[in-house]
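Quick note: the coordinates plus some simple rules give every number you see, no bench work behind them. The structure displayed is predicted, hence computed values, not measured ones. We place every Cβ from the backbone using ideal geometry, glycine too, and count neighbours over all the protein chains shown.
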Amino acid sequence: MKRAAKLAFLFACKYLGIFWLFRRLNRSGVRILCYHGFAVAPDQSRFRPKLFMDPAVFRKRMTWLRSAGFQVISLDAAVDAFRSGRTLRDAVVITMDDGLYGSFLHGIPITREFGYPVTVYVTTWYVENHKPLDGLVEQYRQWAGSEPGADRRFTLMTQGEIAEAARLGVDIQLHTHRHRWPDSDAGIRREIADNRRVLAPLVSKPLRHLCYPSGVFSTGDSALLRELGIASATTLERGMATAGDDPLRLPRLLDGSNLTQIEFEARMCGLLTLMQRFYPAQKGAQSAAGLATA
């Protein structure tokens, strides 16, 4: 489907009340929003629009959530409701992957402006080693034809910034240490243990939620994750989460600067996810390629 035709179709659906109908039909689904980075420099959203959110667009999204009557709740509250079988209505959870500096500079402060809880999944090898994301730096160099400069557009939060975010009430959680998902139990244990080793001194809340790096996981890992005290794990699978879902395989709704407001609204009501089943070439947000370490 051509983009212009798709946008025209979505505007027509909204005008005809189809968005309203889909929202009613999906009212009990929890919309776990997934964000990655936030643009520290203006050109980042042009470089990787699915990865680096324009802060002004993000603020517009948060404003719309409030005006549209959605209830933004914590990940803990959503998971506890799933476990108890309690039905939630028009609920939204905000998550941010990787722990990029832009989340500390823009994403977290904007959620605080609205009083919204947020979970930030932090991968920690680059934090511990004080290194920029070499893979993204090289991709930017090829895209721009120049060096990215000395700013922090391709770095993660420092340990001090993670601790400050946690002090402000941000839910800091697990995203593996090296941003990879091993194919062995021993490797998974090591990734989570190292991730916790770095984060535990910086936060006061239990580290019990996980985001699979790049959305990679195996359904056979659930028993191990439960043994390791993991209460929930989010994926990059599209959709809304419900009480009947496996808490270790929670779907999310991916957002980025590549989506127009009408597409975002269509995703929030459930129509866009249905459309993408018929048009699979329209892919969601990319993971932060270049984070995985050796």
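Multiplying the residue separation of ALA193 and LEU16 by 0.36 nm and subtracting their alpha-carbon distance yields 58.6 nm.
A dipole drawn for the chain from +1 and -1 charges on Cβ atoms has a positive end, and of GLY160, ILE32, VAL127 the residue lying farthest that way is ILE32.
How far, in nm, would the chain grow between ASN258 and GLN71 when pulled straight, counting 0.36 nm per residue and subtracting the alpha carbon separation? Intermediate results must be reported in sequence, preceding the final value.
On the way: separation 187, 0.36 × 187 = 67.32 nm, distance 2.45 nm.
Net length gain for the segment: 64.9 nm.
Using R0 = 41 Å, the C-beta based FRET efficiency linking ARG226 and GLU128 works out to 0.95.
Whole-percent P(r), the chain, all Cα pairs, 10 Å bins from 0: 6, 29, 36, 22, 6, 0. Extent of the stretch 91-136 along its three principal axes (Cα atoms, max minus min coordinate, largest first): 35, 19, 18 Å. Less than 5 angstrom separates the built amide H of ALA233 from those of LEU210, LEU248, ARG249, LEU250, all sequence-distant by 5 or more or on a different chain.
Hydrophobic, long helices, defined as DSSP H runs whose alpha-carbon span along the helix axis is 20 Å or greater and whose mean Kyte-Doolittle value is at least -1.0, occur in the chain at 185-199. Treat each spin label as a single point 7 Å out from the Cα along the C-beta direction, and report the LEU274 to PHE114 distance in nm. It is 2.5 nm. About the centre of its Cα atoms, the stretch 31-259 shows a dipole size close to 420 debye [charges on the beta carbon of Lys, Arg (+1) and Asp, Glu (-1) only; nearest 20 debye].
Each peptide among 104-113, 18-27, 48-57 gets the average number of other Cβ atoms lying within 10 Å of its residues, and from highest to lowest they stand as 48-57, 104-113, 18-27.
Projected label points at ARG89 and SER218, each 7 Å from Cα along the beta carbon direction, are separated by 4.4 nanometres. Length gained on full extension, GLN159 to LYS205, computed as 0.36 nm times the residue gap minus the Cα-Cα distance: 15.0 nm.
With a simple spin-label model that places each label point 7 Å from the Cα along the Cα-to-Cβ direction, the separation between LYS2 and LEU25 comes to 2.8 nm. Only helical runs count toward this figure. For the chain, summing -39,500 (n - 2.57) over DSSP H runs of n ≥ 4 and dividing by all residues gives -11500 deg cm²/dmol at 222 nm.
Given R₀ = 35 Å, what would the calculated FRET efficiency be for TRP64 paired with THR293, taking r from the Cβ atoms and rounding to 0.05? So, using R0 = 35 Å, E works out to roughly 0.40.
Relative contact order for the chain: 24 percent, from Cα pairs under 8 Å spaced at least 6 residues apart, divided by residue count.
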